[in-house]
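Laboratory data are not the source of any read-out in this text; all were calculated from the coordinates shown. Computed from a prediction, not measured in an experiment: that's the story for all the values here. So basically every Cβ, Gly included, is an ideal-geometry build from the backbone, and we count neighbours across all protein chains shown.
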Amino acid sequence: MSTVSAPSMTQWLAPQIMPLFDKIRDLCGPEEDTGISIAGIVFREDGPGIAAALGLDNAIVVILDLAAETDQDWALLELAHELTHCLVPSLEGRALMMEEGAAVMLSLTAPVFQTEEFGVQALTDLMEMPERGNYAEALSAVTALLKIDGAAIRKLRAAQPDWKTHTAELIRQVLPDVPEDLAAVLSEQREMHTPWMPSDWWHRQHPTCASPGA
């Protein structure tokens with residue numbers, strides 16, 4: 001685990017945002033022009049997520065959980081995930097499985113983790129934790145989609161920038177090689193539980209603490 005002091009974490013993360021966004025755009029295409037800007041990063045018990053920035057018009061904050069406040073790798077993982085949702089910021093309703101799957105994939109692949117095995121442990125724990133099954137299935141569905149067409153998400157968002165408009169019918173209209181069952185999964189909205197954390201990793205680094213989200 002690579003750590004920094006809590007007051008320094010936001011400052012350390014700030015220059016990571018644009019390189020992460022570049023990788024997100026490579027996979028998913030550009031942000032929708034909503035006029036909404038990112039006002040900053042905060043750490044709260046109800047993180048991760050995005051929320052309206054209090055006192056500011058047309059602005060959001062990215063919320064990371066308290067475990068990320070002193071752990072650079074966990075902060076990077078959560079930040080990449082939430083920045084993916086910032087392509088089309090929405091404070092209402094659940095994301096489609098395709099958006100969640102892309103966010104999980106990018107949280108694992110976009111950051112340059114400070115500790116090499118962190119990403120491997122995160123993926124291993126995700127696939128082995130039943131309570132995180134919807135995240136794992138979302139990742140598997142997006143992986144299958146990109147095997148069919150590596151530019152699939154960019155093509156879909158070029159047709160309709162807002163993820164929530166990506167019905168199974170639209171997916172197959174834009175990408176006719178996508179099977180019906182895969183299109184159906186990608187267009188579902190599901191309850192996504194508290195984001196996963198590499199549990200063995202967490203317990204090794206914080207032996208006296210409970211895993212976040214446990």
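For the stretch 59-159, applying the loop criterion from DSSP together with a ceiling of 10 other beta carbons within 10 Å to the GluC sites (Glu not before Pro) yields Glu92, Glu116. Note on Lys164: lysines with a C-alpha under 17 Å away, same-chain residues under 8 apart excluded, are Lys155. The shape of the stretch 103-148 comes out oblate: with a ≥ b ≥ c from the C-alpha gyration tensor, a/c is at least 1.5 while a/b does not beat b/c. The gain in end-to-end length when the Glu128 to Thr10 segment is fully stretched comes to 39.4 nm, 0.36 nm per residue minus the alpha carbon separation. Mean projection of the Cα convex hull over all viewing directions, computed for the stretch 6-203: 10.8 nm².
Amide hydrogen proximity for Ala53: with H placed 1.01 Å from N in the peptide plane, the residues at 5 or more positions away or on another chain lying under 5 Å are Ala59, Ile60, Val61. Legend: calculated FRET efficiency, Val42 to Thr167, from the Cβ-Cβ distance at R0 = 30 Å, rounded to 0.05, equals 0.30.
Along the Cα→Cβ direction, 7 angstrom out, place labels at Leu56 and Ala151. What is the inter-label distance in nm? Spacing of the two 7 Å Cα→Cβ label points: 3.5 nm. Computed from backbone phi with θ = phi - 60° and the Karplus coefficients 6.51, -1.76 and 1.60, the 3J(HN,Hα) list for the stretch 141-152 is 5, 5, 4, 5, 4, 6, 5, 6, 8, x, 9, 4 Hz; x is used for glycine and proline. Taking amide H as placed 1.01 Å from N in the peptide plane, the amide H of Gly40 sits under 5 Å from that of Val62, each at least 5 places away or on another chain. For the stretch 42-52, 3J(HN,Hα) computed residue by residue from phi via the Karplus equation (6.51, -1.76, 1.60; θ = phi - 60°) reads 10, 10, 9, 5, 8, x, x, x, 10, 8, 5 Hz, glycine and proline entered as x. For the stretch 1-148, DSSP calls about 45 percent of its internal beta bridges antiparallel. Each residue of the stretch 114-125 is assigned a 3J(HN,Hα), and the resulting list reads 6, 10, 4, 7, 4, x, 5, 5, 4, 5, 4, 5 Hz, derived from the Karplus form 6.51 cos²θ - 1.76 cosθ + 1.60 (θ = phi - 60°), x at Gly and Pro.
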